[in-house]
1. What is the one condition in (1) of a type in the set (G, A, S); (2) in the same structural domain as P22 (by TED's automatic domain parsing); (3) in contact with a Ser or Thr (Cβ under 8 Å, 6 or more places away or on another chain) that G135 does not satisfy?
2. Is it the case that region 176-194 has a residue that's under 30 Å from T4 (Cβ atoms), hydrophobic (A, V, I, L, M, F, W, C) and in a loop (DSSP other than H, G, I, E, B)?
3. T170: assigned by TED's automatic domain parsing to the domain that holds P112 and over 23 Å from L60 (Cα atoms), yes or no?
4. Of all residues in region 175-207 being hydrophobic (A, V, I, L, M, F, W, C) and without any contact (Cβ under 8 Å) to a residue 40 or more places away in the chain, which is nearest to R114 (Cα to Cα)?
5. Restricting to region 138-170, name every residue that is polar (S, T, N, Q), assigned to a loop (DSSP other than H, G, I, E, B) and surrounded by 16 or more Cβ atoms within 10 Å (Cβ to Cβ).
6. If we scan region 46-61, do we find a residue that is over 18 Å from the mean Cα position of the chain (by Cα), farther than 17 Å from R161 by Cα, at pLDDT below 80 and not aliphatic (A, V, I, L, M)?
7. Answer yes if at least one residue in region 40-54 is within 27 Å of D146 (Cα to Cα), touching a helix residue (DSSP H, G or I) at 6+ places or on another chain (Cβ under 9 Å), in a helix (DSSP H, G or I) and touching a residue at least 24 places away in the same chain (Cβ under 8 Å), and no otherwise.
8. Pick from region 96-137 the residues that are among the polar types (S, T, N, Q) and in a helix (DSSP H, G or I): which of them is farthest from the chain's Cα centre (by Cα)?
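The values are calculated or read from the model by the stated rules, or taken from the named source; none is laboratory data. The structure displayed is predicted, hence computed values, not measured ones. Note that we place each Cβ from the backbone using ideal geometry, even for glycine, and neighbour counts take in every protein chain shown.
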Amino acid sequence: MVITIDRTAMEAEFETWVDAKPSVPLRFQPVVNVWDMPAASWWTAVDNLVEDLDSSTPMLRHPAAASVAERGLMVGLLLAMPHNYSSQLWEKPSPIGPEWLRRAVDLIEQLPHRTWTVPDLARASNTSTRALFDGFRRWLGTTPMDYQRQIRLRRAWIELRTADPSAETTVTAIASRLGFTNLGRFAAEYRRRFGELPSVTLQRGRDGY
């Protein structure tokens with residue numbers, strides 16, 4: 001079995017796990033015993049995905065499921081296969097702010113497509129709207145809505161960059177799936193963040209560079 005993972009997408013995922021862009025490139029150990037843990041767990045996950053794809057009604061034919069599975073494989077690879085940053089990823093991170101703030105951040109990252117209002121997010125995180133605003137400002141230096149927008153933009157970049165060349169993927173489909181309702185505003189914000197239009201990222205991904 002040969003599994004190909006786009007290096008740019010992998011590095012983008014890796015950068016979400018560290019505090020800053022690494023000065024040394026991510027390098028995996030060239031030989032790994034796949035029977036040892038945690039590599040064995042990663043290969044089990046791969047086998048499960050292959051089994052689904054071989055079934056008569058694969059769940060992964062749905063774009064949302066495929067996107068989650070792709071990210072899961074990259075996260076699993078980062079944790080299971082030894083590389084020059086493994087020890088850093090496995091170190092117990094320092095908690096960011098109070099429990100309700102971590103809960104709010106988790107909800108936004110796990111459900112980027114959901115349009116959270118500040119009152120909804122505050123209720124789901126078991127805090128007040130004022131505390132939510134203050135917490136995001138104090139510990140994350142942003143607002144809840146801007147944090148959600150940045151998560152969506154980052155996820156859009158990954159999906160555009162790793163889109164299947166054989167599939168009829170469109171910028172509109174990806175943007176809509178992630179909760180962007182105004183495509184013109186999405187394109188403008190995307191260009192400010194990544195220095196190019198989303199259509200250019202999609203084409204570069206298809207061309208393999």
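1. With (1) of a type in the set (G, A, S); (2) in the same structural domain as P22 (by TED's automatic domain parsing); (3) in contact with a Ser or Thr (Cβ under 8 Å, 6 or more places away or on another chain) applied to G135, the lone miss is (2).
2. Scanning region 176-194, I find at least one residue that is under 30 Å from T4 (Cβ atoms), hydrophobic (A, V, I, L, M, F, W, C) and in a loop (DSSP other than H, G, I, E, B), so the answer is yes.
3. Judged against the criteria, T170 is not a match.
4. F180
5. T162, T169
6. There is no residue in region 46-61 that is over 18 Å from the mean Cα position of the chain (by Cα), farther than 17 Å from R161 by Cα, at pLDDT below 80 and not aliphatic (A, V, I, L, M).
7. Scanning region 40-54 turns up no residue that is within 27 Å of D146 (Cα to Cα), touching a helix residue (DSSP H, G or I) at 6+ places or on another chain (Cβ under 9 Å), in a helix (DSSP H, G or I) and touching a residue at least 24 places away in the same chain (Cβ under 8 Å).
8. Checking each candidate, the answer is T129.
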